[in-house]
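Read the figures in this text as sums done on the coordinates, not as results from a lab. Quick caveat: nothing in here was measured; it's all calculated off a predicted structure. Cβ atoms come from the backbone with ideal geometry, glycine included; neighbour counts cover every protein chain shown.
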Amino acid sequence: MSSPREDWVELDQNGGPAGPAAGLSLEGVQAEIIKYQKRHDQLVAEQETLKTSIKERQDLTYQFLQRSEKLQQDLQDDREHFRQKLEAEKEKVKLLQQEEVQLAEQVEEVQAALGEEESRLKHLKEKVDVFSSAPEVKVYFAGQTVEASDAPSFGVESRIVWPMVGGTALITFEEEKVANRVLELKEHKVELAADCRMMVEAEPVHLLVPRRVEVDTEVCPRRIQVSNLPRMDEDTLLSKLEIHFSKKKNGGGEVEACNMRRDIWTVVITFVDKNVAEGLTLTEHHDVVLRKTKHTVKVSPFVNGELATLETEYQQCPRTVLLTGILDIMDQEILQDLLEIHFQKENNGGGEIEALLYNPLGCEVDALFQGSS
């Protein structure tokens, strides 16, 4: 912006123009007045422009101050976050050090236990004897046969908790080939409304599953298992058994807990003292008053199981697909229904859906994967 020019007209003692304007006519003076009025208007316009420029710079300065304060707050928050994270890591290191000390103590205990050969042989004898006095369970042949195996086996049911990130969905198809087809297409355009579409991406789901499990068993010194029980009211049955086995004349003692195993209709009784269970299992058969008549029940040792070996591996879910990039643009239930409708259609690469779980942005959900092997 140019600096204002100092233009003036010199006047004589009578108020008339002096100096350069002294010889001007009235028309000349009027022309000079008009000229200076235009100059005045120009200066006023320049002044308004200057005010506007000052206001814009003040607004810009205020915006920069606000942004600076926000950046300072963010920096402070980041420092606090990293400080907390550092404290958490220090706590983990401390716990690991404590665990290392505990493991060293356990190693010493194991080394001492290796010298107790007689105790080990007695323990193995109890484990062998328990199979001869196990409770009787009725079984039947279902018509399916498999090749014989020297190693005993048992079923393991996996319960894997899988944390879901916000803006994702898990979809399980009835057929594995449908899941593979969805993964091959990778990117999917989901129709949400007439002129609204959303792109989502399909990714495989990998879970850490057990590959080899070994369980070490031992006879529990405080529990017995009572079988050969009649079908009757459960609460009444538990009360009758607790009363019978709490009496010393029946070889029992103070009962801590009495629980029913409904799958095989047997009762597990836990005693306060350790010297009660062994004596009851040696007698094996006991007459208990049930339904106002004596009924012979069988008492067998209760076997505790302890996990000895666990080997795991990552496996891809054959029928489950993870959908990512889901925007939170409508009601959760409606969006979940639209996703299910889209991936049920064969022309979209989908098929019959067994289950679908959608987790919106900003939410934390744990998905439970269950299966048996």
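Projected onto the charge dipole of the range 316-373 (+1 at Lys/Arg Cβ, -1 at Asp/Glu Cβ, origin at the Cα centre), which of Cys363, Gly350, Ile326 gives the Cα projection farthest towards the positive end?
Gly350
What is the total of Lys pairs in the range 25-108 with C-alpha atoms under 27 Å apart, excluding same-chain pairs fewer than 8 positions apart?
6
What are the ³J(HN,Hα) couplings of the range 224-239, residue after residue, when phi is run through the Karplus curve with 6.51, -1.76, 1.60 and θ = phi - 60°? Round to Hz, x for glycine and proline.
10, 10, 9, 10, 6, 9, x, 7, 7, 4, 4, 4, 5, 4, 5, 5
Pull up all non-local amide H partners of Ala367: gap of 5 or more, or a different chain, and H-to-H distance under 5 Å with H placed in the peptide plane.
Placed amide hydrogens put Trp162, Met164 under 5 Å from Ala367.
Just want the answer: with Cβ charges of +1 for Lys and Arg and -1 for Asp and Glu, which residue in Gln97, Gln73, Ala45 is farthest toward the dipole's positive end in the range 25-108?
Of the listed residues, the answer is Ala45.
Within straight cross-link reach of Lys189, meaning Cα distance under 21 Å, which lysines are found once same-chain residues fewer than 8 apart are removed?
Lys189 reaches Lys177, Lys345.
Let me know the charge dipole size of the range 25-108 about its Cα centre in debye, to the nearest 20, where only the beta-carbon of Lys, Arg (+1) and Asp, Glu (-1) is charged.
Charge dipole, the range 25-108, about its Cα centre: 700 debye, nearest 20.
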